[in-house]
Amino acid sequence: MKINVLAFGVTKEIFGSGLVSLELTNDATIYNLKYALEQQYPRLKQLASYMVAVNNEYALPGDTIHERDEIAIIPPVSGG
Amino acid sequence: MSSTQIILSAETLNIQSCISWIMSPESGGIDVFIGTVRNATKGKTVLKLDFEAYEPMAISEMQKIAKQAFAQWPVQKVLIHHRTGELQIGEVPVIIAVSAAHRDAAFDACRYIIDTLKQTVPIWKKEAFEDGDVWVAAHP
């Protein structure tokens, strides 16, 4: 399946775009997504940490991704 | 919910209107936290800050924090306003206001809200220094 990934802050700079597309297997998890992204954008591994949000909620590594989910990479937040 | 006001805005935050909104005859105490843009980080001059937000999720995470504050303390109203975009030194990126019958709940909830916002709400700031820009907390 093809998924779109939103990026913000430092990850937008790493991806060179606020939105990237990715091909994943149909039963892919957050863990698989992170692995695929890190292969394509090795600078992700230099971040202090980063989370993935699915449909506006923080997701866990084992959570499954579905084709129409809104997926976003959340680098370390620094609001306030 | 009229007891909660959450706003993410590209416009200047209005401190007085936040205080007017939070005041009510039932309140015995109001606690207000105002974050301001500081002119230096670790001794290095900061020129300005740039805030970016994942807006729908930032709003929903701020709503969760407000809800948790109501669950944990006897507070009456909660207000969270946060800026996006470019801010100059001395400008206000965040205002938290909490009202309660008694001051302890207002102080504790206000502290909880700003501390949790900094940990969970998807908003990012970039500091502009004389020798370049840095996304705060991005790298170890």
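Each reported figure results from applying straightforward, stated rules to the coordinates on display, with no laboratory input. Nothing here was measured: the structure is a model prediction, and the numbers come from that model. So basically every Cβ, Gly included, is an ideal-geometry build from the backbone, and we count neighbours across all protein chains shown.
What the table below lists for this structure:
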read-out: Under the Karplus curve 6.51 cos²θ - 1.76 cosθ + 1.60, θ = phi - 60°, whole-Hz ³J(HN,Hα) for the range B:102-118, x wherever Gly or Pro sits; value: 10, 5, 4, 5, 5, 4, 5, 5, 4, 4, 4, 5, 5, 5, 6, 4, 5
read-out: Principal-axis tilt of helix B:55-72 within chain B, Cα atoms, nearest 10 degrees; value: 40
read-out: Nonlocal amide H pairs with B:Glu91, under 5 Å, H built at 1.01 Å; value: B:Val37
read-out: Nonlocal amide H pairs with B:Gln5, under 5 Å, H built at 1.01 Å; value: B:Val78, B:Leu79, B:Ile80
read-out: Cα-Cα separations in the range B:4-135 greater than 23 Å, expressed as whole percent; value: 34
read-out: Angle in degrees between helix A:30-40 and the longest Cα principal axis of chain A, rounded to the nearest 10; value: 60
read-out: 5 angstrom amide H check on A:Ile74, placed H, neighbours 5+ away; value: A:Met51, A:Val52, A:Ala53
read-out: C-alpha center-to-center spacing [the range A:2-80, the range B:4-24] in angstrom; value: 33
read-out: Cα-Cα separations in the protein assembly as shown greater than 31 Å, expressed as whole percent; value: 29
read-out: Nearest-20 debye value, chain A charge dipole, Cβ charges on Lys, Arg, Asp, Glu; value: 280
read-out: Listed peptides B:52-58, B:42-48 by packing density, highest first (mean Cβ within 10 Å); value: B:52-58, B:42-48
read-out: Debye, to nearest 20: dipole size of the range B:1-102, +1 on Lys, Arg Cβ, -1 on Asp, Glu Cβ; value: 280
